[in-house]
Each structure stands twice: as C-alpha cells, then as structure tokens.
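To start, the structure under review is shown below, and the notes come after it.
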Amino acid sequence: MTPPTVTVVVPVLNEAAHITACLDAIDAQTYANVVEVLVVDGGSTDGTGALAERPGVRVLDNPRRIQAAALNLALDAAKGDILVRVDGHCLIEADYVERCVDALERTGAAMVGGAMTPVAHGWKQRGIAAALSSPFGAGPARFHIGGAPGWVDTVYLGAYRVDTVRAVGGYAEVDINEDAELAIRLRPKGGIWFDPTIRSTYAPRASLAALSRQFYRYGRGRAATVRAHPSAIAPRQLAAPLLVIGLVSRWRRTVAAAYALAVGLETVTVVRRRGSVDAGFAVAAPVMHLSWGAGFIAGLFVRRPRARGS
C-alpha cells in the first residue's frame, strides 16, 4: 500500500530569525512521501519570503495576513493527502511527519498533534516558558503540559487529511484561535488525538509586553469561538475573566490578595522544580491571566467566526 502523500505548510509573518532553521528541520524529515512545502507569507518586511526560497518550497502570498487565511490558501493549493502544519518559529523533530501520519492512520482521528515545548533564554523568556508549561499558568490541556496519548479537545499545530478539512469548510478566518475552532468542527469527524511522541520546540515571546498582546488576542479569539460554539466553553476558561471582574469589583482587595497568594505558592513550586532562574513565572503568569481575561471579555462583543461557505 502506497503511503499517503504529505504537504507541509508554514504560515509566516516576519520570521526571518527562525525560518531557515525551521525549513532545515522540515528538510531533515524521515518520512519519504513529503511532496511539497508551502510557506505562506503574510507580507513580511524582514526578508522572510526570500529566505524561504529553496528547492522543494513554494512561497505563497497571503494578502489577508492572518494565519487562518494562510492555512485556507494552503488547503486550496495542497497536493498532498495529509496536511501537516508547522509554525515559522518552530523546530520539528526528524520523525515528526512520520509520527503524525502514523497517528492518523492508526487511530482514525480527524486531527493529531503533540505538545508545545518552549525553549527559552533569559529570565523573562524562561519565566514565560515556565508559565506556558504550567497547569496554573496555561491550564491543564495536554498540549501545554504533556501527558499520555489520548483523545483531547485540541492539539498544538495539528495534522489532518486534506479532504476532511475541505469538507467542513476549512478554517474560520478569524485573527486567532483558528486551530481550536477547527478542532470543534472536526470532533464529530473522528476526534482529536494527542500523541506525546509528536515532538517539536518553539521560541515563546521574549518580552512581557509581547506576551500581553498575544494573550489578549488569545482571549478575544476564544470568546468569539465560544459565541459560535457555546457548548465548547469549559468552566476553567471562566477563571481569568472572573479574575479581571473581581479585580475591578468592590471585593478587589480580597480577590487580589487571594490571587497573589496563589501565584506565590505556585512560583515556589516552579522554582523548586525548574530552578530559580524561572522565578519570572511570578510576573508572566499574571500577565497571561489578566490579558487573556480582558481579551475574553472584549471578545464577547466581536463577530462570531465562520468557516468558508457557512
């Protein structure tokens, strides 16, 4: 039986610092049936597109700039049976594609993927990485904190059969959270499978300002997704918005004291487990929570995401 063909797609915007290493990792894949690599550029001004030009890579223009639009362009252009998504600041292991294909074939899932593994330098970025890998910081999802293989709500990046995602209308062209929204529509088509052997690393944000902007957008995107799919809300996702509301309420001093105590206790745990250099967790986690919560509240008033043709 002929193994399925694979298209690897890399949506990018100003990834000059990372794109060469990213594509080198894709070139090193053990899976023999990767038929093309699509780099979809949202108008980079740092030379990312030129750096991406190499044999086996096709660079596409994404005038809408957002990742969801880039992924829909890749879906339209893909020649492979399976599409494997890779971010421009991500390095995949040599067997990444092979393990994605194996997991899809073995489980019958509609989408498969692994965990986010941040690689950081300096106290701020290491604190951010620690918060992103902590159940207290980023929540209990396995793609954040790792865990055993199994069925989940969503995964990092994701690989799937092209025909399956075309059949559900592709990505909702929102500015963030497009992968989790797609996962909701793919659950009835076979479910979402997490496999910890699908391994990659990525560079998290290096400043607290950039982290705040990122998580504000994440919160807005999640709220828009919840408006489109109300049953997808999980109680844990209300914690950050309720924290923000509590901090502007008449009980703000009590809420602030309780939250500060929780952050302090978790920081002690993180430092014991990971080392004192990750004490930046104490700053990164509140930035993530407050930005996400504020974004979620704002996102309740943003138009709902829709897949193409819906």
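The values are calculated or read from the model by the stated rules, or taken from the named source; none is laboratory data. Treat the numbers as computed from the prediction; the structure is a model and nothing was measured. Positions of Cβ are generated from backbone atoms using ideal geometry, with glycine treated the same way; all protein chains shown enter the neighbour counts.
Failed condition for R213, given (1) buried (at least 23 other Cβ atoms within 10 Å of the Cβ); (2) more than 29 Å from A94 (Cβ to Cβ); (3) not β-branched (V, I, T), with all others met?
Of everything listed in (1) buried (at least 23 other Cβ atoms within 10 Å of the Cβ); (2) more than 29 Å from A94 (Cβ to Cβ); (3) not β-branched (V, I, T), R213 misses just condition (1).
Would you confirm whether or not segment 115-135 contains a residue that is free of Cβ contacts under 8 Å to residues at least 60 places away in the same chain, touching a strand residue (DSSP E or B) at 6+ places or on another chain (Cβ under 8 Å), crowded, with 20+ Cβ neighbours inside 10 Å and under 16 Å from A206 (Cα atoms)?
Yes: one or more hits.
Limited to segment 241-276, what total is found for residues that are more than 27 Å from the chain's Cα centre (by Cα), surrounded by 12 or more Cβ atoms within 10 Å (Cβ to Cβ) and within 21 Å of Y218 (Cβ to Cβ)?
Number satisfying all stated conditions: 2.
Restricting attention to segment 100-114, which residues are buried (at least 22 other Cβ atoms within 10 Å of the Cβ) and either in contact with a Lys or Arg (Cβ under 8 Å, 6 or more places away or on another chain) or assigned to a loop (DSSP other than H, G, I, E, B) (or both)?
L104, A109, A110, G114
Scan segment 88-99 and report the pairs whose first residue is surrounded by fewer than 21 Cβ atoms within 10 Å (Cβ to Cβ) and whose second residue is of a type in the set (A, V, I, L, M, F, W, C) and modelled with pLDDT under 95, with Cβ atoms within less than 8 Å and a gap of 6+ or a chain change.
H89/A17; H89/A203
Any idea which of L71, L75, L51, L60 is surrounded by 23 or more Cβ atoms within 10 Å (Cβ to Cβ) and either over 22 Å from the mean Cα position of the chain (by Cα) or under 18 Å from V162 (Cβ atoms) (or both)?
Only one candidate passes the filter, namely L71.
Out of segment 175-232, which residues are in a helix (DSSP H, G or I) and of a type in the set (G, A, S)?
A180, A183, A209, A210, S212, G219, G221, A223, A224, A228, S231, A232
Applying the selection to segment 233-265, what residues are outside any helix (DSSP H, G or I) and within 20 Å of A285 (Cα to Cα)?
A234, V248 - these are the residues of segment 233-265 that are outside any helix (DSSP H, G or I) and within 20 Å of A285 (Cα to Cα).
Any chance segment 282-295 includes a residue that's without any contact (Cβ under 8 Å) to a residue 12 or more places away in the chain, part of a helix (DSSP H, G or I) and surrounded by 14 or more Cβ atoms within 10 Å (Cβ to Cβ)?
No: zero hits.
Each row is one residue, and each column tells you yes or no for (1) in contact (Cβ under 8 Å) with a residue 40 or more places away in the chain; (2) not assigned by TED's automatic domain parsing to the domain that holds G114.
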| position | (1), (2) |
| --- | --- |
| K189 | yes, no |
| Y216 | yes, yes |
| R220 | yes, yes |
| H229 | yes, yes |
| I233 | no, yes |
| R252 | no, yes |
| L265 | no, yes |
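If I176 satisfies all but one of (1) modelled with pLDDT of 90 or more; (2) of a type in the set (A, V, I, L, M, F, W, C); (3) buried (at least 23 other Cβ atoms within 10 Å of the Cβ), what's the number of the condition it fails?
(1)
When only residues in segment 22-47 that are in contact (Cβ under 8 Å) with a residue 60 or more places away in the chain and loosely packed, with under 14 Cβ neighbours inside 10 Å count, which is nearest to R205 (Cα to Cα)?
This residue is A28.
For the subset of segment 143-172 comprising residues that are at pLDDT below 90 and in a helix (DSSP H, G or I), which member is surrounded by the fewest Cβ atoms within 10 Å (Cβ to Cβ)?
Going through the qualifying residues, I end up with I145.
If you scan segment 221-247, which residues turn out to be modelled with pLDDT of 90 or more and in contact with a helix residue (DSSP H, G or I) (Cβ under 7 Å, 6 or more places away or on another chain)?
A240, P241, L243, V244, G246, L247 - these are the residues of segment 221-247 that are modelled with pLDDT of 90 or more and in contact with a helix residue (DSSP H, G or I) (Cβ under 7 Å, 6 or more places away or on another chain).
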